[in-house]
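Asks: This structure is in structure tokens; I'll ask about it shortly.
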């Protein structure tokens, strides 16, 4: 039986970065559920599936196998046997994942795999419905958030660091739209679990956030 830590929150809150650091410091397995949904979105794009057609998505997702393996301490996401780590972080895939992830059949397929991982190993899992849907019995639940403006600035900085052009106002607009979609969708909407601890990172450094969560883990253990 694994010890599970669930980290939920909106897009751009730093969930993946924090979850990876927590997992490394605690010797746990990091499961990036967002990467799994991105891999499924990549599959839809490659197959030419209309991402606005939920029936077609529900049908097509049955033929996609998404697995996670850790090699040399690095999480690798495999789509039908192919390592797609370097292919799922594009803006096109991100936008597609936001739409395809609301399809109930697709979510059920991926949630089943995520729950199996949680049962077998000590995991840190981040996403938008981990504490409410995927790991409702997790020993510790964190709701990680930050203001839309702060999240937009962070994303803007990431684009610039990669040498890519970006528009801060447009990024903030997209983040607010993404928040609305995630929070109002019928299937597993983004919501803070009743027993989750809120951590607002707007005025915190990454190190401060990690220290905060580590102290919460130690208190639980």
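Asks: All but one of (1) closer than 14 Å to residue 15 by Cβ; (2) touching a helix residue (DSSP H, G or I) at 6+ places or on another chain (Cβ under 9 Å) hold for residue 200; state the number of the condition that does not hold.
Replies: (2)
Asks: Now a separate question. Test residue 69 against the stated conditions and say whether it is part of a loop (DSSP other than H, G, I, E, B) and either out of contact with any helix residue (DSSP H, G or I) (no Cβ under 6 Å at 6 or more places or on another chain) or more than 30 Å from residue 205 (Cβ to Cβ) (or both).
Replies: Values: part of a loop (DSSP other than H, G, I, E, B): no; either out of contact with any helix residue (DSSP H, G or I) (no Cβ under 6 Å at 6 or more places or on another chain) or more than 30 Å from residue 205 (Cβ to Cβ) (or both): yes.
Taking the combined requirement at face value, the residue does not satisfy it.
Asks: Tell me which residues, restricted to segment 92-101, are buried (at least 21 other Cβ atoms within 10 Å of the Cβ), touching a residue at least 60 places away in the same chain (Cβ under 8 Å) and not in a loop (DSSP other than H, G, I, E, B).
Replies: Scanning segment 92-101 gives 97, 100.
Asks: If you don't mind, another one. Which of the residues spanning segment 133-147 are under 19 Å from residue 184 (Cα atoms) and either surrounded by fewer than 21 Cβ atoms within 10 Å (Cβ to Cβ) or at pLDDT 95 or above (or both)? Steps first, answer last, please.
Replies: Filtering segment 133-147 down to residues under 19 Å from residue 184 (Cα atoms) leaves 133-134, 143-147.
133, 143, 144, 145, 146, 147 - these are the residues of segment 133-147 that are under 19 Å from residue 184 (Cα atoms) and either surrounded by fewer than 21 Cβ atoms within 10 Å (Cβ to Cβ) or at pLDDT 95 or above (or both).
Asks: Taking the options 49, 31, name whichever one is touching a helix residue (DSSP H, G or I) at 6+ places or on another chain (Cβ under 8 Å) and part of a loop (DSSP other than H, G, I, E, B). Reasoning before the result, please.
Replies: Working: 31 fails: part of a loop (DSSP other than H, G, I, E, B).
Just one listed residue meets the conditions, 49.
The values are calculated or read from the model by the stated rules, or taken from the named source; none is laboratory data. No experiment lies behind these values; they were computed from the predicted model shown. Note that each Cβ is placed from the backbone with ideal geometry, even for glycine, and that neighbours are counted across all protein chains shown.
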